[in-house]
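Step one of this worksheet: look at the structure below.
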Amino acid sequence: MTATKRPLLVRAEDGATPLERATHTLPEFEWDAIAPVIAEIDRLKRERNAIVLAHNYMTPDIYHGVADITGDSLGLAREAARTDADVIVFAGVHFMAETAKITCPDKTVLIPDPRAGCSLAESLTGADVRRLREQYPGVPIVAYVNTSAEVKAEVDICCTSGNAVEVVRSLGVDRVLFIPDQYLAAWVATQLPEVEIIPWKGACMVHERFTGAELRAYRAESPGVQVIAHPECPPDVLAEADYVGSTAGMIDFVTGRGGRPVPERVVMVTECSMADNVAMEAPGVEFVRPCNLCPHMKRITLGKILDSLRTMTHEVVVDPDVAERARRSVDRMLAVGAKR
Ligand code: 13P
Ligand code: SF4
């Protein structure tokens with residue numbers, strides 16, 4: 001499972017308003033300050049036929065208070081492609097909002113703060129990809145979705161952390177260029193030893209800070225703890241993990257979705273807000289929380305979401321020619337999952 005429709009959406013079935021629901025998931029002292037903001041966002045969403053798509057790294061007030069759909073990059077890309085809303089407010093980073101615009105060019109896609117970037121997306125350009133093609137003629141190029149539209153327009157297929165192995169396998173070749181995350185590339189290589197993976201040297205500034213030594217210390221302090229890690233972490237970290245997966249995969253692991261037993265204690269090796277969000281969905285689980293914040297994700301706030309809906313800014317614009325070529329790479333990725 002990669003995306004979740006928040007209870008906010010089921011108002012029609014049980015009669016509860018989004019406001020009433022949010023009061024149950026936020027501490028009371030915070031609630032007084034943010035309740036009017038949530039109410040106004042809700043009103044504007046109805047007025048503009050808008051939805052809020054929120055990445056799993058959003059703070060709990062956004063994740064539980066105003067998101068219509070939460071998920072990882074893959075789930076949100078899928079949901080963007082199928083929504084009937086006229087306006088998508090993307091509570092996440094710029095490449096994610098751009099992916100939504102690529103999959104639905106006729107919709108208005110807003111990002112509450114256009115400075116919300118990503119160290120991976122910023123590590124290479126379309127010109128870099130064209131140079132790689134010249135250097136490695138005939139070798140397919142797989143791009144992690146954490147890339148700009150102009151990069152997506154130059155590659156053969158996209159992938160996310162949730163489907164990277166499946167996407168590379170689907171190509172049926174023995175050599176691929178995998179951009180831009182060197183660590184995700186290394187992880188895919190461990191899963192598909194028959195394929196030579198040529199990586200770009202990009203890295204996530206949040207996940208590359210975790211170390212294997214740090215995780216060994218958590219294990220020593222807390223025997224029996226389950227370590228779950230995002231594949232953007234370096235190999236020595238992933239070697240310590242009991243489970244490696246996308247943000248949605250990690251939520252499934254903690255909440256026991258998919259038939260796994262619910263763990264007693266977990267270390268979530270990813271961005272801090274994830275554990276805060278999931279803790280509310282997994283009240284019986286004890287979380288050990290190493291905390292690395294993504295400064296880009298944290299640019300998105302409840303106040304900026306409100307401004308975004310009020311002023312209909314900041315609209316994400318992608319050149320139509322670039323968007324069309326990028327869409328081929330994204331659609332090819334979505335088709336891999338759809339066939340399954
Ligand atoms: P997910 O696709 O796992 O949500 O990851 C996106 C991301 O930016 C992680 O840092
Ligand atoms: Fe980019 Fe890392 Fe932030 Fe995700 S956590 S948006 S990969 S910088």
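The values are calculated or read from the model by the stated rules, or taken from the named source; none is laboratory data. Quick caveat, the model's predicted, so the values are computed rather than measured. Positions of Cβ are backbone-derived with ideal geometry, glycine not excepted, and every protein chain shown enters the neighbour counts. Surface accessibility is based on the protein's heavy atoms, side chains included, excluding ligands, DNA and RNA. Shrake-Rupley method; radii C 1.70, N 1.55, O 1.52, S 1.80 Å.
To keep it simple, each residue is scored yes or no on (1) more than 22 Å from residue 250 (Cα to Cα); (2) within 15 Å of ligand 1 (Cβ to nearest atom).
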site	(1), (2)
60	no, no
67	no, yes
86	yes, no
133	yes, no
141	yes, no
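Just one of the listed residues (141, 102, 157) is among the hydrophobic types (A, V, I, L, M, F, W, C) and touching a Leu at 6+ places or on another chain (Cβ under 6 Å), and it is 141. Note on segment 309-320: residues that are in contact with a Pro (Cβ under 6 Å, 6 or more places away or on another chain) and surrounded by fewer than 17 Cβ atoms within 10 Å (Cβ to Cβ) total 0.
Within segment 28-39, identify whether any single residue is open to solvent by 30 Å² or more (accessible area, probe 1.4 Å) and closer than 27 Å to residue 321 by Cβ, and answer yes or no.
Initially, segment 28-39 is screened for residues open to solvent by 30 Å² or more (accessible area, probe 1.4 Å), giving 28-33, 36-37, 39.
Narrowing further to those that are closer than 27 Å to residue 321 by Cβ: none.
Looking for residues that are open to solvent by 30 Å² or more (accessible area, probe 1.4 Å) and closer than 27 Å to residue 321 by Cβ, one finds none in segment 28-39, hence no.
Across segment 269-280, the qualifying residues are those that are more than 14 Å from residue 92 (Cβ to Cβ) and within 16 Å of ligand 1 (Cβ to nearest atom), and the one among them that is surrounded by the fewest Cβ atoms within 10 Å (Cβ to Cβ) is 276. The one condition from (1) under 23 Å from residue 95 (Cβ atoms); (2) surrounded by fewer than 16 Cβ atoms within 10 Å (Cβ to Cβ) that residue 283 does not meet is (1).
When you check residue 247 against the structure, is it within 15 Å of residue 274 (Cα to Cα), within 16 Å of ligand 1 (Cβ to nearest atom), β-branched (Val, Ile, Thr) and surrounded by fewer than 20 Cβ atoms within 10 Å (Cβ to Cβ), yes or no? Taking the combined requirement at face value, the residue does not satisfy it. Those helices (runs of 4 or more DSSP H) of segment 121-237 in which 3 or more residues are of a type in the set (Val, Ile, Thr) and surrounded by 17 or more Cβ atoms within 10 Å (Cβ to Cβ) occupy 164-171.
Could you please let me know if residue 98 is away from ligand 1 (no atom under 16 Å from the Cβ) and at pLDDT 95 or above? Step through it out loud before you land on a result.
On the way: away from ligand 1 (no atom under 16 Å from the Cβ): no; at pLDDT 95 or above: yes.
Judged against the criteria, residue 98 is not a match.
Give the residues of segment 201-213 that are under 24 Å from the mean Cα position of the chain (by Cα) and either among the β-branched types (Val, Ile, Thr) or more than 16 Å from ligand 1 (Cβ to nearest atom) (or both), sorted by residue number. Within segment 201-213, 201, 206, 211, 212 meet the criteria. Tell me yes or no: at least one residue of segment 73-85 is in a helix (DSSP H, G or I), over 22 Å from residue 48 (Cα atoms) and more than 16 Å from ligand 2 (Cβ to nearest atom). No, because not a single residue in segment 73-85 is in a helix (DSSP H, G or I), over 22 Å from residue 48 (Cα atoms) and more than 16 Å from ligand 2 (Cβ to nearest atom). For segment 251-259, does any single residue satisfy the condition of being within 15 Å of the chain's Cα centre (by Cα), β-branched (Val, Ile, Thr), within 16 Å of ligand 2 (Cβ to nearest atom) and modelled with pLDDT of 95 or more? No, there is no match, as no residue in segment 251-259 is within 15 Å of the chain's Cα centre (by Cα), β-branched (Val, Ile, Thr), within 16 Å of ligand 2 (Cβ to nearest atom) and modelled with pLDDT of 95 or more. Looking across segment 207-236, the residues that are within 20 Å of residue 73 (Cβ to Cβ) and of a type in the set (A, V, I, L, M) come down to 228, 229.
Among the candidates 302, 293, 306, 334, the residue that is surrounded by fewer than 22 Cβ atoms within 10 Å (Cβ to Cβ), touching a Cys at 6+ places or on another chain (Cβ under 7 Å) and aliphatic (A, V, I, L, M) is uniquely 293.
Counting residues in segment 208-229 that are within 13 Å of ligand 2 (Cβ to nearest atom), closer than 28 Å to residue 103 by Cβ and modelled with pLDDT of 95 or more gives zero.
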